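Some notes on the structure that comes next.
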Amino acid sequence: MSGAGAGPTWAELWANLAIFKDAIWVGGLAGALLGAIGVHVVLRRMVFASSAIAQAAALGVALSFWIAALVDPTGHAAGHAAGPAAHVAPSLLFEPVLWAIAASLLATLVFVANPVHLHLTRESLLGFVFLASGAGAVIVGDKITQEAHDLAAILFGSAVVVQHSDLVLVASATVVLLGGHLVLWRALLFAGYDPMGARVQGMPVRPLNTFLFLSVGLSVALCTRALGALPVFAFSVLPAMTALALTARIGLVFVLATLLGAVSGVGGYMVSFKGDLPVGATQTATAAALLTAALVWRFARARYERRARTSN
Amino acid sequence: MRLAPGERLLSTDGLLVGYDGAAILPPLTMTIGAGELWAVIGPNGSGKSTFLRTALGLVPPVGGKVERRAALRLAYVPQQATLDTIFPISVVDFVLMGLQGASNVTLLSRGANLARAQAALDEAGARALERRQLRDLSGGQRQRVLVARALATDADLIFLDEPTNALDAAAEHQVLELIERLRAKRGAAVVMVTHLVEDGLERADRALLLDRDHGVALSSTAAGMHALPEFVHIYGRFIGRGEATP
């Protein structure tokens, strides 16, 4: 969705809903899933991990294109010709989503690892993953001119339509992972807030953390393949921040973050359609606008309460 | 159920604590009985935290052994500074964490457990704070809530890490009174890691002196601690001239 002139109308969106509905669903589901998981990401101060994992997932997709072209050039060319709107992998081995998941889980391992013996911090290793993945994706992208557009869509989230298989994967992940988080939200909170107290009381802190990191890695990988790294990073950080700015009731924070993520995903798509703008950028901007409004409201409320206190 | 006074809850036999396979303190043999109040004292960096983690079963001993009574229920009250204030945790939600554990990981039925959490808050004199955010409370109020969580666990043995750290005199007195009530009413044993040597020894039945630099790991009655040459060597010049905090 780009170009000059008068923007499309809502009637046009409605008339072409069959084309766009998968992308709208993916935006909403990914926003909800990442919004809910993002509360743990923000509270545990692992925001940078989410960014690095998304970047690694993008590199994984780029590698799936490039290695397929190197190993099986005939099949790769046929796959490309068969899918003009979206790349078709020559075999399951080169399925981009599998490469995205593998790269994400590798990046997640870096987060789980404790690099203290290397005299390094976890943040510095994540910086390494982010930079190496970003540079790698650009370098690999330069080698695969046929899929350059696909790769740009994955890095910046400019894809207008998504493959139906991506919708199926994101929807399945949303049901399974969001269901798991719904059951375990108090346990994950305890394990993150007071890990030593939780372990003393017999809580399975390590399995809980493994579930959290795996769910971050998987959801980021699947959503990055469908939407792109930029909106995925935005959804895993901004809705949670907005919810935390709006309320201090922890249960409500999770509900709000889930809803705000979904609103950012769907609303951002609508803004993109109406304004004829890149989708990933408008989804990110929508989430950022909601956070800005929440921060302004909170600032105004704090000021009002301060004045009320001093006048009494 | 109230424990029989003196019932053996946790004992160590030639326990060596440390990390990476290296002991940092001499071997330690001691027994913690029901209803006892222990003060674990020692200068900064003396090995108190390493002993605490080993006794709690969070890190394995380098040598020797730790024996816990079967089905021993443990609780840990962390230092306030270790709780990240970015988390929006209400007082009642914090106390509810005390009801989570191996047999109740998810705590999905909050309603059923609410009454127990509120009873613990009542006992700690913190019921009025129920809906407040833990991060918004004063140091003394927050410490009472931390102890309330230990009360909610109904633990047999409670470890407190610097429970009076950064409290003013009045709040410190309240918290120490609450700890006294904790063991008197329930018969639980309490192990308090503290840098307030004189206060700790005054209230405790037993004491454990640790000092990595001087190679000291000694347990004794609290009253008898002052007579130990090692104690005099470490704290002698401070005792009687205000609080002992080398």
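Here, each number is a calculation from the coordinates, and none is a lab measurement. These numbers were taken from a predicted model, which means no experiment stands behind them. Every residue, glycine among them, receives a Cβ derived from its backbone with ideal geometry; neighbour counts consider all protein chains shown.
Whole number please: convex hull volume per residue, Cα atoms of region B:70-115, in Å³. Working shown, then result.
Details: hull volume 5.1 nm³, N = 46.
Enclosed volume per residue, from the Cα hull, is 111 Å³.
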| query | Mind checking the angle between helix A:250-275 and chain A's longest principal axis? C-alpha axes, 0 to 90 degrees, to the nearest 10. | reply | 40
| remark: Straight-line reach check, residue B:48, cutoff 19 Å on alpha carbons, 8 or more apart in-chain or any other chain, hits among lysines -> B:65
| query | So which aspartates and glutamates pass the test for residue B:185, namely a Cα distance under 13 Å, with those fewer than 8 places away in the same chain ruled out? | reply | B:36, B:123, B:154, B:156, B:177
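Translational diffusion coefficient of the protein assembly as shown at 4 °C, 1.567 mPa s, Stokes-Einstein with Kirkwood Rh over Cα pairs, in µm²/s as a whole number.
Working: Rh = 26.5 Å.
Estimated via Stokes-Einstein, D reaches 49 µm²/s.
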| note | Percent antiparallel among DSSP beta bridges confined to region B:153-219, nearest 5, equals 45
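Which of the three applies to region B:17-170, rounded, prolate or oblate, going by the alpha-carbon gyration tensor with a ≥ b ≥ c and a/c under 1.5 meaning rounded?
Working: a/c = 2.05, a/b = 1.55, b/c = 1.32.
The shape class here is prolate.
Can you work out the FRET efficiency for the pair residue B:226 and residue A:306, with r the C-beta to C-beta distance and R0 = 51 Å, to the nearest 0.05?
Values: r = 51 Å, r/R0 = 1.01.
Efficiency computed from Cβ-Cβ geometry: 0.50.
If I stretch the segment between residue A:139 and residue A:259 completely, what's the gain in nm (0.36 nm per residue apart, minus their alpha carbon distance), one decimal? The partial results should precede the final answer.
Numbers: separation 120, 0.36 × 120 = 43.20 nm, distance 3.70 nm.
Result for the pair: 39.5 nm of gain on full extension.
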| note | Per its Cα gyration tensor (rounded if a/c is under 1.5, else prolate when a/b beats b/c, else oblate), region A:196-253 is best filed as oblate
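What value, in deg cm²/dmol to 500, does the helix sum -39500 (n - 2.57) over DSSP H runs of n ≥ 4 give at 222 nm once divided by the residues of the protein assembly as shown? Before the final figure, lay out each step's value.
Numbers: 22 runs with 330 residues, N = 558.
Rounded to the nearest 500, it is -19500 deg cm²/dmol.
Name the shape class, rounded, prolate or oblate, that the alpha-carbon gyration tensor gives for region A:138-262, where a ≥ b ≥ c are the square roots of its eigenvalues, rounded holds for a/c under 1.5, and otherwise prolate holds if a/b is larger than b/c and oblate otherwise. Kindly include the intermediate steps, with their values, before the conclusion.
Details: a/c = 2.39, a/b = 1.93, b/c = 1.23.
Since a/c reaches 1.5 and a/b is larger than b/c, the shape of region A:138-262 is classed as prolate.
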| task | Please list, in chain and number order, the residues 5+ apart from residue B:62 or on another chain whose amide H is under 5 Å from its amide H, with Hs placed from the backbone. | result | B:16, B:17, B:18
| remark: Taking max minus min of the Cα coordinates of region B:85-154 on each principal axis, largest first, gives extents in Å of 33, 27, 18
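For region B:119-246, take the alpha-carbon Rg, divide it by the Kirkwood Rh, and send me Rg/Rh.
Details: Rg = 16.0 Å, Rh = 15.8 Å.
Rg divided by Rh gives 1.01.
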| said: What percentages make up the Cα-Cα pair-distance distribution of region B:152-213 when the bins are 5 Å wide from 0? | reply: 4, 15, 30, 26, 16, 7, 2, 0
| field | Computed lengthening from residue B:136 to residue B:114, 0.36 nm per intervening residue step minus Cα-Cα distance | value | 5.8 nm
| query | Using Cα pairs under 8 angstrom and six or more residues apart, how large is the relative contact order of region B:85-154, in percent? | reply | 47
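Which translational diffusion coefficient, to the nearest whole µm²/s, is obtained for chain A from the Stokes-Einstein equation, given a Kirkwood hydrodynamic radius over C-alpha pairs, 10 °C and 1.306 mPa s?
Translational diffusion coefficient: 78 µm²/s.
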| remark: Going residue by residue through region B:141-158, the Karplus relation 6.51 cos²θ - 1.76 cosθ + 1.60 with θ = phi - 60° gives ³J(HN,Hα) values, rounded to whole Hz and with x marking Gly or Pro, of 4, 4, 5, 5, 5, 4, 5, 4, 5, 5, 5, 5, 5, 6, 6, 7, 9, 10
| query | Under a plain spin-label model, where a point goes 7 Å from the Cα along Cα-to-Cβ, how far apart in nm are residue B:128 and residue B:218? | reply | 4.6
| Placed amide H near residue B:191: partners under 5 Å, 5+ positions off or other chain | B:38, B:158, B:159, B:160
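Counting pairs of alpha carbon atoms under 8 Å apart in space and at least six apart in sequence, what relative contact order in percent does chain A give?
RCO, chain A: 34 percent.
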| When the dipole is taken about the Cα centre of region A:10-311, and only Lys, Arg (+1) and Asp, Glu (-1) are charged at their Cβ, what size is it in debye, to the nearest 20? | 1560
| Which FRET efficiency value, to the nearest 0.05, do you get for residue B:166 and residue A:15 by plugging their Cβ-Cβ distance into 1/(1 + (r/R0)^6) with R0 = 51 Å? | 0.20
| note | When chain B is treated as a Gaussian network with springs between alpha carbons less than 10 Å apart, the largest mean-square fluctuation among B:188, B:39, B:81 is found at B:81
| remark: For chain B, averaging the sequence separation of alpha carbon pairs under 8 Å that lie six or more residues apart and dividing by its residue count, the contact order in percent is 28
| Max mean-square fluctuation residue, GNM over chain A, Cα-Cα springs under 10 Å, options A:75, A:136, A:35 | A:75
